[in-house]
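First comes the structure, then the notes that go with it.
Please treat every number below as a calculation from the coordinates, not as lab data. Not measured: the values here are computed from a predicted model. Using ideal geometry, Cβ is built from the backbone for each residue, glycine included, and neighbour counts are taken over all protein chains shown.
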Amino acid sequence: MNTHPAQPTPAYPAAPQSAASHPALGATDPELAALVGAEELLQATTLRLIPSENYVSQAVLEASGTVLQNKYSEGYPGRRYYEGQQNIDQIERLAISRARSLFGVEHANVQPYSGSPANLAVYLAFAEPGDTIMGMALPMGGHLTHGWGVSATGTWFRGVQYGVRHDTGLIDFDEVRELAIKERPKVIFCGGTALPRTIDFAAFAEIARETGAVLAADVAHIAGLIAGGAHPSPAPYADVISTTTHKTLRGPRGAMLMCREEHAKAIDKAVFPGLQGGPHNQTTAAIAVALQEAAQPGFRDYARAVVTNARALAEELLARGFDLVSGGTDNHLILMDLTSRKVPGKVAAKALDRAGIVVNHNTVPYDPRKPFDPSGIRIGTPSLTSRGLAARHMAAIAEWIDRGVTAARTGDEDALAVVRSEVAELMAAFPAPGLPLP
Ligand SMILES: *Cc1c(COP(=O)(O)O)cnc(C)c1O
């Protein structure tokens, strides 16, 4: 869904021939190999601040590029519709048991193709078409699949939406409770895509219990922080936990649903045969690898560093006069309101991209501008932390953002080019996991 007019492509250095790193691909399809090489260079030389992105390890990359993808495995371990599952069953069982122990849950389903179908499976398990469901409004920081109108979840179900307070930028639990009592939703979703603050799972659980709703905690963004002990876990509170595996958890593009044993059958039935056919076994394997990595002590250090870096970056941005939604961050994500800087979010995001700083434009709560041309940008620290950047680097990054946003307003392309070369210099000193050295 690209509604934006075509923009000039930023001038990055020429792509290397990626024939060395992907010899078979280079021989079969040089055109595609060159594009992969260009993407490798782009990911290596830019400062990637999109909070839902990361760099997976070489081990995760290898697992997701294996012959496991040749195999059909409809069903679950020990209960398949196809033979030849001697190895696949073990791989899926490994992923399941690692998910259960890492997140402290009784049951895990590792088959959802991505976060959006995982959430659809939650509805399929606990609601009927036409039922009322409740989630955070998209412009307030919620996800499309939490009942927003343009999503199937907002047309097949009656979505009622809560938000954040205008004055604090925080969730108003009195509003959530009143809405839940009035609307009696079957399912309440908590979590979102642009929430810079800790999610109070206990408060949501109390409201869900009071109103007889199923509580679904969508931790897509913060799963890695939870696994690493840098954000409270929803496991004691939520009926079902939905997560992607490719954001802070640093695994392949995929998803998981986790729950107590009482809901296991309903969740499994909803994923298969309810919504999906065969699982993507190469993804299951890569999820298992990522879960193994996330169980190491080093991953706790990573999760803590993601938050430390985000807090340091927020402080540096505040010191430069930027307005941050909710005044700062508790996690990996910062939502910047650029209204006072007199630059629309999209104009700033495109200018920063030309300066080698990759962000996304984003609505801010109570945004007076349109969703496709909003007032804010959303940034985060998962990727830069995976490259080893630390709190001491955040002042330079805040300054680049400051110069980039100013240059966006004044149309100063030369200033953007200077930032671009400074960014590339720092990035060269911090090679990214999984990428060939430039
Ligand atoms: C990213 C995200 C999703 C959707 O994940 P996809 O893999 O893009 O479908 C769902 N919920 C939340 C809160 C997310 O941040």
Among 350, 265, which comes first, second and so on when ranked by fewest other beta-carbon atoms within 10 Å? 265, 350
Options 230, 84, 137, ranked by Cα towards positive dipole end of region 63-294, top entry (Cβ charges): 84
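DSSP beta bridges in the chain, what fraction antiparallel, as a percent rounded to 5?
Counting DSSP beta bridges with both partners in the chain, the antiparallel share is about 55 percent.
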For region 186-295, alpha-carbon Rg and Dmax in angstrom: 14.3, 42
Could you go through region 322-331 in sequence order and give the Karplus-derived ³J(HN,Hα) for each residue, using 6.51 cos²θ - 1.76 cosθ + 1.60 with θ = phi - 60°, rounded to whole Hz, and x for Gly and Pro? 6, 8, 10, 4, 6, x, x, 8, 10, 10
Order of 248, 198, 45, 193 - criterion: other Cβ atoms within 10 Å of each residue's Cβ, fewest first: 198, 45, 193, 248
Estimated dipole of the chain in Debye, rounded to 20 [Cβ of Lys and Arg +1, of Asp and Glu -1, Cα centre]: 100
Where labels lie 7 Å past Cα in the beta-carbon direction, separation of residue 101 and residue 62 in nm: 2.1
Return the ratio Rg/(2.2 N^0.38 Å) for region 64-196, where Rg is computed over Cα atoms only. 1.32
Rg/Rg_ref, region 19-63, where Rg_ref = 2.2 N^0.38 Å and atoms are Cα: 1.32
May I ask you to list the chymotrypsin sites (Phe, Trp or Tyr not before Pro) in region 145-220 that are in a DSSP loop and have at most 16 other Cβ atoms within 10 Å of their Cβ? none
Counting each pair of different Cα atoms once, what's the Kirkwood radius of region 35-95 in Å, rounded to one decimal? 14.5
Answer in debye to the nearest 20: the dipole magnitude of region 303-429 about its Cα centre, from +1 Lys/Arg and -1 Asp/Glu charges placed on Cβ, is 220
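Could you work out the Kirkwood radius for region 303-429, taking every pair of different alpha carbons, averaging 1/r and inverting it, reported in Å?
About 14.5 Å for region 303-429.
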Can you give the % of DSSP beta bridges in region 63-294 that are antiparallel, to the nearest 5? 45
Answer rounded, prolate or oblate for region 373-415, using the Cα gyration tensor with square roots of eigenvalues a ≥ b ≥ c: rounded when a/c is under 1.5, else prolate when a/b is larger than b/c, else oblate. oblate
Which three extents, in angstrom, do the Cα atoms of the chain have along their principal axes, listed largest first? 60, 56, 41
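Give the Kirkwood hydrodynamic radius (Å, one decimal) of region 63-294, defined as one over the mean of 1/r across all pairs of different Cα atoms.
About 17.7 Å for region 63-294.
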Give me the percent relative contact order of the chain, please, defined on Cα pairs under 8 angstrom at least 6 residues apart. 21
With N set to the residue count of region 221-348, report its C-alpha Rg divided by 2.2 N^0.38 Å to two decimal places. 1.32
List the DSSP H helices in the chain whose Cα atoms stretch 20 Å or more along the helix axis and whose mean Kyte-Doolittle hydropathy is at least -1.0. 30-45, 86-103, 297-319, 394-410, 413-428
